[in-house]
Structures are given as structure tokens and as C-alpha cells.
Amino acid sequence: MLDRPTPDRRVPDRPMIEIRDVTRSYGAFKALDDCSLTIREGEFFSLLGPSGCGKTTLLRMIAGFDNPTSGTIAVDGQEMVGVPANRRPTNMVFQSYAIFPHLNVEQNVAYGLKRLKLDPVEEKRRVDEVLAMVSLNGLGKRGAHELSGGQRQRVALARALVMRPKVLLLDEPLSALDKKLREQMQVELRRLQQAVGITFILVTHDQYEALAMSDRIAVMFGGRIAQVASPKEMYQRPVNRQVADFLGGMNFVKAEVVEENGSSITVDTLGFGRVTTEKPKAFVRNGAGATLGIRPERLRVLWDNATAKYEVAGTVVERHYFGEITHLIVEIPGLEKPLSVTETNDFGADDIPVGAAIRLGYDRDALVAMAD
Amino acid sequence: MTAAAEGSPPLTADGIRRRPPLLQSESFQGLALISPTLLYALILLLLPILVVFAHSFWTQNYLTIDHTFTLQNYRTALTEPIYLDLLWRSLFVSLLVSLFTVVLAYPIAYFISFHGGSHKGLWLFLITIPFWTSYLLRVMSWKVILGYNGVLNSGLMGLGLISEPSTALLYNTSAVIITLTHAWAAFAILPIFVSLEKVDRTLIEAAKDLGDGPLRSFLRVTLPLSAPGVISALLIVMIPTVGDYVTPKLVGGKDGVMIANAIQAQFGKASNWPLGAALSVTTMVVVSLMAGGAVFLIRAAARLAR
Ligand SMILES: Nc1ncnc2c1ncn2[C@@H]1O[C@H](COP(=O)(O)OP(=O)(O)OP(=O)(O)O)[C@@H](O)[C@H]1O
Ligand SMILES: [Mg+2]
């Protein structure tokens, strides 16, 4: 990815949004259950999770369209509970874009500025500036119905950005676009965020989108925040099976904890033997049971006489061809479930016959121990 | 579903596109579908109008009609002060009635649409309840309310606000306006309700998000987007009330007479059909102009509101 955030990009370490113990109940059902989260100034933050996990609910509470049943939300140090949406320093890009159908592009973008009673020249300048920022120059006079999906998305973005909010909230802004446009907009959104330096909070259920765009991600399940981490940490050190599974494929191997101390954990497995790994930050163990995980792309086929420091041997039971890569399902003696392996086709992994005996090499740091 | 219904001519086995047979073509099917209503409308709407239109250029000769072309009826209709007076009063009444009706209906429609929750159907049902009785009965009940010994007068006297019954309530133009406004309320509520239902609620949230309070978001988003409903409500009430003659007759008294009463008289007692026809055509044209003018004004106002 072109705009993968660089770890050394400076994000000032000042909290912009503080969510403390927020619960939102609908009757007996808790759409949000005791969520706490701090989002820093200038950060590109993603709320990631499956459908119905409460992402929109949380975002709407930050915007002021809904209030927590209990708990507090502060934006830039100011308590927000009870403050209506029109007085909050946040702006939202709606999933449906919510472009005003009776107004043209320019009027849509200028909608929020009207209240500020700016000098008409200044207003026009700000509208033109933000239209250029989202590459919509020249389309100002278009009616709302004469726009493509991507253009509508940009109008919604421009309309929010022109208000110069402290926080921009985006509710699945790309999900209505086709794949190609979506990938292009991911890059553009990220670039835009870096240029304006505003805190972005993006809601998405697409793990690749979250990984590609964010400084940090919060993964949510059933109204609870499961893990908050940088994309890399989230992908490599998920706290539990659910998070690991949601962020792309992972092989899970049954393990038993034999030793646990401050920063490391040692587990016993069949197949991978005794492994000591760094302990995930929010590791919560129930009993001695645990899971050892390894991503399919961290297993590599060992050709001919090649050897690796750590390896397992097995038999290919299935082969799936995906163009640039091949997916192999390999049965390992002693393991309950076969391992899946992703191998690039540069060396002819697509020619490995089903039934062949192969050896797989891996690095110790690719193994991650996690809670069930 | 057939290929024709999907809008493309069927592809035959040998791959050559043929024109669909007449009976399967989309326009034919469409025509066939609306033809009963269309015929009905033609016979019962267009024909009578043509008959009226033709009569307006003829002359009544006691019991027979002289079929030579003349504009004399229109001259009478447009110059005789009594007819002009009645026409103006009718337009004035219908304009006021439609304005009052829409102004009163809008909050109700708004309430049902935005705060009706899961009881919207029930609310709409309640609104139709007055229609279970005849229109005449509803007008009569206004007589009971507004009359000399009516509910309003006794109520006001009971409260000591007036010492003797007021005669200013019934048998004048305001009595006509009050009665018509009540009678047409439901017809205004429904179209406004429908257009409010179509307003995407996220648009209102977007307006709030961009800094508008409840009043401003209503004026800048909800109201302009429900304008089609307001316009149709206005027209639905305005057009028929110009031609109403039952209400003025029952509660209008001497002052409340409207153009339709004059037209009725020409077709009835006065037995001058051609003049009645000319008055009808004139009224129709003027009402159309007024309706068009109202639509134009609302559109212009909506544009300005941006
Ligand atoms: N008004 C409501 N009444 C009852 N339950 C609600 C209400 N609004 C939301 N919920 C429930 O709260 C949960 C969270 O909803 P939310 O819209 O936040 O999900 P989400 O994570 O945004 O999902 P999606 O990815 O599908 O948009 C859902 O289970 C939903 O059914
Ligand atoms: Mg959602």
C-alpha cells in the first residue's frame, strides 16, 4: 500500500476523544457494553467489527445523535453528554452520504457555512478550496442527482471538511463504492487526513480497509471493545481467537499454558512443540487452555533439500489456485486440523500435486499465543 | 417474466431481434392497463366539459337553444358587477380556506410522521373518522356550533364574555371559511404526510450535524423537501372549494354566496344554461390561473430559502 502509515509519523500525544465506561442499552439488550477508549489528536482511528457490534452506535454518540445510558464522552477536553449535535466540534460523513437533494454541489458544501455569516467572497473561497481538495473542481453547479456514487461521497466529505471540525466521523464511507474506486478512495482519504491533520474516526467492517488506512484500530464484538492497537500489532499479536479470525485467516493450534510471567508466556502444543512468545497486552486466560496461532503466509514451503531452523512436515490434501498465489491445505500428523499455507507462485507452488509430502518452515516470532 | 416485460425485444432462437408482436409490446400493455379508467375519464369528464364549453357560445331562447356562435355570455359574465363580485369572493374564500387548511394540516401531518411511532396507521385512521358521516351532517353540525343559540354562543355567555348571543358567527363569509377549512383538513393532511414520510431522516441529522438547530433544519431541509405535499394539498383544497355551493348555501347566508351558487341558479331557476356555462368556463380558467400562480410562488419561495 502506497500510504501505509509510517510508524515514525508524529501524532501529538494529546487526547482528542475520551470515552469512559460508555454503555447504551435498548431495554435489556446492550448495544454498547462498558466501552472505554482514548483517541489522540490528529489520529486516523478505525472502529472495526462485524455487523451489529455497535460501531455506528458509538459513532453516533460522539456526533451527538444519541446519548449513552451511562458513561461519559469528552471531545477535546469538553464533556459532551447533553450537548446537541449542532454544537459539537465534530462533523459526520454519513453512510448514505445524505446529500441534500434540493441543493447543488456548491450549496451542499456551503450549507454549514451559511450559519457563520461569512463574507460571500470568503465563503466562496472556502467552498472552492475544499472542492479542489476532494478533486471536484468545476462541478459546483451540478445538481445532487447528477453525481456518481464516488462524487457523492466526495461532496459529503467536502461538506464536512469545510466546517474545519476537530474530529471527522466517517460511517462506512466507502462501502457503497465498487472495489476499484474503494481502493482508490482509501488512498485518497488517508492522504487527505495527513494533509489536513484532523482527527478521523472511521467505521468499517472491512479489515483490509482498517489495516491499510489507520494509525490505530479498535476491534469490537457484541458491544465490547476487544482490542485497541496499531494495524501491525493487531495483525501480528491479536489478543484472542475472535480478533485473529476477524483480521484475515489464521491457523489455530490447541495449546496448553505451562508458564506465564510478566511479559512472556510458554505453551505446549502438538506439532509445534514448546513455544515461548511475547504475551499480548490484554491476555486473559481461563484455565490452562490457550491457542497458538500462525498466519498462512508465515508458513513457507521448503523445496528439495532446503532447511529451516523450525519446520513441520505433512501431506498436501487440497490445492486452490488464486493467480499470483496458491492456497495449500496441509495435514500435519498430530494436529487436529490441517494447516492452511499461502505461497506465492514464483517458485511453482501451483504445481505441487495433491498428496505430495512437503515440509514447511516458519520463524518462531510468527507464532502467537492467545486466549481462546 | 417475459423478455418484453423487461424492456427488451425477445431474442429469437436464430439470434435475430424481431419487433415484438403488437399484443406484447410494452406501450400496448400499458395502454391496455389504463384504458378502463381512461375511457371512464373521457366519457365522464371530457365530454361534459365539451358540452359546457359549447353551450357557453350559444343563446337561450326561452325553452330552446339558439346555436349561433356568440360571445355575449362571456361579455355578461365578465362585465356584470354581481358575477365579478361573486367570482372574486369565491377566489378569496378558496385561497383563504386552502391557506388555513394547509397551515393547520401541516403540524398534524408533521406530528404523525415524526412522532407517530408505530401508531401512524391509527392516527391516519382517526383522521378519517369524520368521513363516516355525510358532508351535509358535518356542515349542519357547524350550524349547531355557530348558531344564535349554538354551542359557541352559550359557551361564551356562560363564561360571561358576552351578554347576548352574537349573530356575527353564522351566515357570513367567515362561517363558510371555518366550515370549509374543517371539511377539507383530512385532504390536506394526507398529501403533506406522504411527502414528509419521504423526507430522508438522515438529511435532517446531516443538517443538525452541520450546525442547524431544530427550527433552522426544519426551514432549510424538511419544509423545502415537503413542498410537493404542500403544493398538492393547496391545490386539492383550493380548486374544489371555489366551486362549492352547498356550504355557502347552508352557512353562508346572504353575504356568503359564491360563484357556484350563481352558476347553479343559471342552470336551475333562471334557466339560462349558456350564461351558466360561460360562468363555469370563466371560473375554470381563473382557478387554473390562480393554482398555477400559487405553484409558481411556492417554487420561487423555496428557491429563495436556499
Ligand atoms: N433503536 C434501536 N433499538 C434497538 N436496538 C437497536 C437500535 N439501534 C441499534 N440497535 C442494535 O444495536 C446493535 C448495534 O447496532 P449498530 O448500528 O451500532 O451496529 P453496527 O456495528 O454499526 O453494524 P453495521 O456494520 O451493520 O452497520 C445492533 O444489534 C442493533 O440491532
Ligand atoms: Mg453501522
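The rows are residues; the columns are (1) in a helix (DSSP H, G or I); (2) of a type outside the set (A, V, I, L, M, F, W, C); (3) in contact (Cβ under 8 Å) with a residue 60 or more places away in the chain; (4) surrounded by fewer than 21 Cβ atoms within 10 Å (Cβ to Cβ).
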position	(1), (2), (3), (4)
A:Glu233	yes, yes, no, yes
A:Pro238	no, yes, yes, no
A:Gln242	yes, yes, no, yes
A:Glu259	no, yes, no, yes
A:Gly262	no, yes, no, yes
A:Ile265	no, no, yes, no
A:Val275	no, no, yes, yes
A:Leu292	no, no, yes, no
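Taking segment A:294-351 only, how many residues are part of a loop (DSSP other than H, G, I, E, B) and of a type in the set (Phe, Trp, Tyr)?
The number of residues fulfilling the criteria is 2.
Identify, please: which residue in segment A:353-372 is at pLDDT 85 or above, assigned to a loop (DSSP other than H, G, I, E, B) and surrounded by fewer than 18 Cβ atoms within 10 Å (Cβ to Cβ) and is, among those, nearest to the chain's Cα centre (by Cα)?
This residue is A:Asp363.
With respect to the numbered conditions (1) within 16 Å of ligand 1 (Cβ to nearest atom); (2) at pLDDT below 95; (3) away from chain B (no Cβ under 14 Å), which one is the sole condition not fulfilled by A:Asp76?
(1)
Within 14 Å of another protein chain (Cβ to nearest Cβ), away from ligand 1 (no atom under 16 Å from the Cβ) and of a type in the set (Lys, Arg), is that true of A:Arg88?
Values: within 14 Å of another protein chain (Cβ to nearest Cβ): yes; away from ligand 1 (no atom under 16 Å from the Cβ): yes; of a type in the set (Lys, Arg): yes.
Criteria met by A:Arg88.
Output the residue which, of all residues in segment A:44-64 that are touching a helix residue (DSSP H, G or I) at 6+ places or on another chain (Cβ under 9 Å) and either crowded, with 19+ Cβ neighbours inside 10 Å or aliphatic (A, V, I, L, M) (or both), is nearest to the other protein chains (Cβ to nearest Cβ).
Going through the qualifying residues, I end up with A:Ala63.
May I ask you to list the residues in segment A:53-70 that are among the polar types (S, T, N, Q) and more than 11 Å from ligand 1 (Cβ to nearest atom)?
Across segment A:53-70, the qualifying residues are A:Asn67, A:Thr69, A:Ser70.
Which residues, counting only those in segment A:139-189, are among the aliphatic types (A, V, I, L, M) and without any contact (Cβ under 8 Å) to a residue 40 or more places away in the chain?
Scanning segment A:139-189 gives A:Leu139, A:Leu174, A:Leu177, A:Leu181, A:Met185, A:Leu189.
Just a yes or no: is a residue in segment A:167-174 within 30 Å of A:Glu123 (Cα to Cα), away from ligand 2 (no atom under 16 Å from the Cβ), of a type outside the set (Asp, Glu) and at pLDDT 95 or above?
Yes, the conditions are met somewhere in segment A:167-174.
Among the residues of segment A:11-28, write down those that are within 16 Å of ligand 2 (Cβ to nearest atom) and surrounded by fewer than 18 Cβ atoms within 10 Å (Cβ to Cβ).
Across segment A:11-28, the qualifying residue is only A:Tyr26.
Sort out which residues of segment A:12-49 are within 12 Å of ligand 1 (Cβ to nearest atom), touching a strand residue (DSSP E or B) at 6+ places or on another chain (Cβ under 8 Å) and aliphatic (A, V, I, L, M), and write them in order of number.
Matches in segment A:12-49: A:Ala31, A:Leu32, A:Leu47, A:Leu48.
Out of the residues in segment B:168-185 meeting the condition of being in a loop (DSSP other than H, G, I, E, B) and out of contact with any Lys or Arg (no Cβ under 9 Å at 6 or more places or on another chain), tell me which one is surrounded by the most Cβ atoms within 10 Å (Cβ to Cβ).
B:Leu169
For a quick check of your reading of the model, give me the residue pairs whose first member lies in segment A:98-127 and is under 20 Å from A:Leu169 (Cβ atoms), whose second is aromatic (Phe, Trp, Tyr), with beta-carbon atoms closer than 6 Å and at least 6 apart or on different chains.
If the second residue must be aromatic (Phe, Trp, Tyr), the pairs left are A:Asn108/A:Phe100.
Being more than 14 Å from chain A (Cβ to nearest Cβ) and within 30 Å of A:Arg115 (Cβ to Cβ) is true for just one of B:Leu210, B:Leu180, B:Leu196. Which residue is that? If you could, list the steps in order and put the result at the bottom.
Working: B:Leu210 fails: more than 14 Å from chain A (Cβ to nearest Cβ); B:Leu180 fails: within 30 Å of A:Arg115 (Cβ to Cβ).
Residue meeting the stated conditions: B:Leu196.
Does segment A:101-119 contain at least one residue that is more than 28 Å from B:Ser226 (Cβ to Cβ), surrounded by fewer than 16 Cβ atoms within 10 Å (Cβ to Cβ) and away from ligand 2 (no atom under 16 Å from the Cβ)?
Looking only at segment A:101-119, we keep the residues that are more than 28 Å from B:Ser226 (Cβ to Cβ), and these are A:118-119.
Of the ones still in play, those that are also surrounded by fewer than 16 Cβ atoms within 10 Å (Cβ to Cβ) are A:118-119.
With the extra rule that they be away from ligand 2 (no atom under 16 Å from the Cβ), the set shrinks to A:118-119.
The answer is yes; a qualifying residue exists.
Yes or no, residue by residue, for (1) modelled with pLDDT of 95 or more; (2) in the same structural domain as A:Arg216 (by TED's automatic domain parsing); (3) over 20 Å from A:Ala226 (Cβ atoms); (4) not β-branched (Val, Ile, Thr):
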site	(1), (2), (3), (4)
A:Met1	no, no, yes, yes
A:Asn67	no, yes, yes, yes
A:Val81	no, yes, yes, no
A:Gln95	no, yes, yes, yes
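Do you know which of the residues in segment A:164-178 that are within 16 Å of ligand 1 (Cβ to nearest atom) and assigned to a strand (DSSP E or B) is surrounded by the fewest Cβ atoms within 10 Å (Cβ to Cβ)?
A:Asp171
How many residues are out of contact with any helix residue (DSSP H, G or I) (no Cβ under 9 Å at 6 or more places or on another chain) and farther than 22 Å from A:Gly289 by Cβ if we restrict to segment A:230-252?
Summing the residues that are out of contact with any helix residue (DSSP H, G or I) (no Cβ under 9 Å at 6 or more places or on another chain) and farther than 22 Å from A:Gly289 by Cβ in segment A:230-252 gives 2.
Looking at segment B:219-236, I want the residues that are among the charged types (D, E, K, R) and have a partner that is surrounded by fewer than 20 Cβ atoms within 10 Å (Cβ to Cβ) with Cβ atoms under 7 Å, at least 6 apart or on another chain. Which pairs are those?
Short answer, once both residue conditions are applied: B:Arg220/B:Ala305.
Would it be correct to say that A:Glu183 is more than 16 Å from ligand 2 (Cβ to nearest atom) and either on the phi > 0 side of the Ramachandran plot or surrounded by fewer than 19 Cβ atoms within 10 Å (Cβ to Cβ) (or both)?
yes
Which condition from (1) surrounded by fewer than 21 Cβ atoms within 10 Å (Cβ to Cβ); (2) over 30 Å from A:Gly49 (Cβ atoms) is the one that A:Ser148 breaks?
Only one criterion is unmet by A:Ser148, namely (2).
Can you confirm whether segment A:193-200 contains a residue that is touching a helix residue (DSSP H, G or I) at 6+ places or on another chain (Cβ under 8 Å), within 13 Å of ligand 1 (Cβ to nearest atom) and assigned to a strand (DSSP E or B)?
no
Which residue, of B:Lys254, B:Lys249, is outside any helix (DSSP H, G or I), more than 29 Å from B:Phe296 (Cβ to Cβ) and away from chain A (no Cβ under 11 Å)? First the steps, then the outcome.
Values: B:Lys249 fails: outside any helix (DSSP H, G or I).
Among B:Lys254, B:Lys249, only B:Lys254 is outside any helix (DSSP H, G or I), more than 29 Å from B:Phe296 (Cβ to Cβ) and away from chain A (no Cβ under 11 Å).
Among residues belonging to segment A:152-166 that are away from chain B (no Cβ under 13 Å) and not polar (S, T, N, Q), point out the one that is farthest from ligand 2 (Cβ to nearest atom).
So the residue we want is A:Lys166.
The values are calculated or read from the model by the stated rules, or taken from the named source; none is laboratory data. Please read all numbers here as calculations on a predicted model, not as lab measurements. Neighbour counts run over all protein chains shown; Cβ positions are idealised from the backbone, glycine included.
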